[in-house]
Amino acid sequence: MAEIRFVSKDDCKEAAALADFVFRDKEQSSMAVAFPSIFSGSYESSIGVYEEDKLVAFAGLVPSVLQIGPSRVPIFSLGAVCTHPDFRGRGYAGAMQNEAFSHIEKSGGTMLLVSGELDIYLRNGCRRFGAMREYSLKPETAARIEHKSSNRKLIVREARESDWFMLNELDEANPVRYRRSMYELATLTRAEAIASIYKLKHRIYVAEEAGTAIAFAIVAVKAQWETGSQPRVIEWAGEAEAAALILACAVRENSLSELGLFVPWQEKALQSALEPASYEPTTNSGTVKIVNPMRLWERLQPYLFERNKELASRISLADANTGEEGAVELTVDGIAYSLHADELTTLLFDPEPQLPAELAGNSIVQALFPVPMPYASGIHFV
């Protein structure tokens with residue numbers, strides 16, 4: 001008889017061994033190293049399925065807080081979901097998801113970010129969300145970006161151990177981000193979660209002007225292992241033009257044929273600084289499920305009122321009380337609109353929401369939404 005329960009700190013070693021068996025090869029670091037938020041045991045919110053006291057399936061569930069302007073939004077992230085091959089086909093992944101939803105509700109969380117886009121997530125109410133530009137920065141474009149910045153006395157260098165206070169200050173100045181301490185910033189940077197998946201390694205670059213650091217970027221480049229993976233930007237913060245220069249210098253210094261970068265829709269300054277680099281439109285990484293719509297709406301009020309106090313006072317959200325999961329009633333200037341879960345997700349997070357024309361074209365809706373979200377596959381990736 002299978003038992004589903006939270007994975008204790010004492011069981012994290014067994015959980016990491018299962019994840020390593022499913023996901024890693026001998027050239028990759030252990031999942032325990034790459035994903036300390038899951039496998040350190042600091043949180044005991046991850047979920048396991050046990051048969052005869054042996055862990056046979058696992059789902060990493062990690063709490064965090066998003067800073068969106070003045071709003072603080074408690075969320076969870078789900079990743080490292082795996083089942084031993086001998087125990088697949090028994091519905092364990094879906095059962096662990098349901099346990100995760102229940103825990104998020106009890107914990108006061110608002111939504112779940114999932115690292116995958118598989119059908120099993122989509123069937124359980126997770127949806128693709130947001131809008132990103134996926135850039136491919138090539139040497140000729142990088143040279144043009146460097147030339148554009150040549151009139152400024154910017155110096156780009158690799159970060160030093162003495163830079164952590166500065167890196168932390170730049171990170172905290174980003175109005176849309178994961179909230180993290182300097183310790184978390186350092187720990188997650190050195191864990192190299194995304195980089196380790198693709199057999200890459202981190203290099204941290206800093207841009208200085210007049211002796212003051214004004215931007216940094218974490219870039220994943222090729223390591224000692226053979227890999228066909230494209231080098232990519234993991235995280236950045238600070239002045240956009242200086243950050244773009246960092247990336248251009250990283251292309252030249254590492255002799256890269258291309259450097260990948262995902263930029264959220266709200267990062268207009270960086271998008272401008274990266275011209276004329278080519279890009280493709282895409283969504284944010286993974287999928288999202290709004291677990292408690294009313295709690296999320298409440299948490300977003302400081303952001304909405306800062307955006308436009310007068311307009312925010314003319315829009316409200318209520319539970320639809322229809323029995324349909326995630327269904328809500330949105331009232332705009334006294335007119336009520338019934339929204340199902342997918343419509344609420346697209347309203348909140350998509351620059352081009354898939355909504356009835358009357359609502360999508362409403363001036364109040366257009367002024368307040370979408371809500372910006374950080375890139376979900378930065379150093380906080382789970």
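The values are calculated or read from the model by the stated rules, or taken from the named source; none is laboratory data. This structure is a prediction, so every number in the text was calculated from the model and none was measured. Cβ: placed from backbone, ideal geometry, glycine included. Neighbour counts: every protein chain shown. Surface accessibility is based on the protein's heavy atoms, side chains included, excluding ligands, DNA and RNA. Shrake-Rupley method; radii C 1.70, N 1.55, O 1.52, S 1.80 Å.
Our summary gives the chain a relative contact order of 19 percent, counting only alpha carbon pairs under 8 angstrom and 6 or more residues apart.
Note on surface exposure: 141, 212 rank 212, 141 by accessible area, highest first, 1.4 Å probe.
You can think of it this way: the chain between residue 13 and residue 336 has 111.1 nm of extra reach, that is 0.36 nm per residue less the Cα-Cα gap.
The accessible surface of segment 251-382, taken with every protein chain in place and a 1.4 Å probe, is 46 percent carbon and sulfur. Per-residue surface analysis assigns residue 381 an accessible area of about 30 Å², computed on protein heavy atoms at 1.4 Å probe radius.
The simple spin-label model puts a point 7 Å past each Cα toward its Cβ; for residue 209 and residue 105 those points are separated by 5.0 nm.
Once you have a ≥ b ≥ c as the square roots of the Cα gyration tensor eigenvalues for the chain, tell me rounded if a/c is under 1.5, and otherwise prolate or oblate according to whether a/b is larger than b/c. Oblate, since a/c reaches 1.5 and b/c is not below a/b. PRE reach from residue 90 (point 7 Å along Cα→Cβ): which of segment 36-73 fall under 19 Å by backbone N? Residues passing the 19 Å test: 47-60.
Extension gain for residue 162 to residue 28 (0.36 nm times residue separation, less C-alpha to C-alpha distance): 45.4 nm.
Evaluated over the chain, the count of Lys pairs having alpha-carbon atoms less than 23 Å apart is 17 (only pairs 8 or more residues apart or interchain).
Along the axis of the charge dipole computed for segment 84-215 (Cβ charges of +1 for Lys and Arg, -1 for Asp and Glu, origin at the Cα centre), the listed residues 168, 92, 204 are led at the positive end by 92. Here the Karplus curve 6.51 cos²θ - 1.76 cosθ + 1.60, taken at θ = phi - 60°, turns the phi angles of segment 293-306 into couplings of x, 5, 5, 5, 4, 4, 5, 7, 4, x, 5, 5, 6, 5 Hz, with x standing for Gly and Pro. Could you pull out which residues in segment 37-56 have an amide N less than 17 Å from a spot 7 Å beyond the Cα of residue 118, following the Cα-Cβ vector? Inside the label zone: 47-50, 56.
Taking every alpha-carbon pair under 8 Å whose residues sit at least 6 apart, segment 1-87 reaches a relative contact order of 30 percent. Prolate is the label for segment 30-99. Its Cα gyration tensor axes, ordered a ≥ b ≥ c, give a/c of at least 1.5 and a/b above b/c.
Positive-end ranking of 339, 369, 246 along the dipole of segment 241-382, with charges on Cβ about the Cα centre, is headed by 246.
The dipole here belongs to segment 91-187: it is taken about the Cα centre, uses +1 on the Cβ of Lys and Arg and -1 on the Cβ of Asp and Glu, and is about 440 debye. Here the peptides 350-356, 317-323, 35-41 are ranked by packing, the mean other Cβ count within 10 Å, and the order with the highest first is 35-41, 350-356, 317-323. Given +1 at the Cβ of Lys and Arg, -1 at the Cβ of Asp and Glu and no other charges, the dipole of the chain around its Cα centre is 680 debye to the nearest 20.
Net charge of the neighbourhood of residue 214, taken over other residues with C-beta under 11 Å away and scored Lys/Arg +1, Asp/Glu -1, is -4. For segment 91-149, the square roots a ≥ b ≥ c of the C-alpha gyration tensor eigenvalues yield an a/c of 1.5 or more together with a/b exceeding b/c, which makes the shape prolate. If R0 is taken as 30 Å, the Cβ-Cβ distance between residue 313 and residue 173 corresponds to a FRET efficiency of 0.55. For segment 173-179, putting each phi into the Karplus relation 6.51 cos²θ - 1.76 cosθ + 1.60 with θ = phi - 60° gives couplings of 7, 6, x, 10, 6, 7, 6 Hz, in residue order, rounded to whole numbers and with x for Gly and Pro. Residue farthest toward the positive end of the dipole of segment 1-156, with Cβ of Lys/Arg at +1 and Asp/Glu at -1: which of 110, 58, 156? Among 110, 58, 156, the one farthest towards the positive end of the dipole of segment 1-156 is 156.
The 1.4 Å probe gives accessible areas that order 333, 11, largest first, as 333, 11. For residue 303, the accessible area of its heavy atoms, probed at 1.4 Å with every protein chain present, is near 20 square angstrom.
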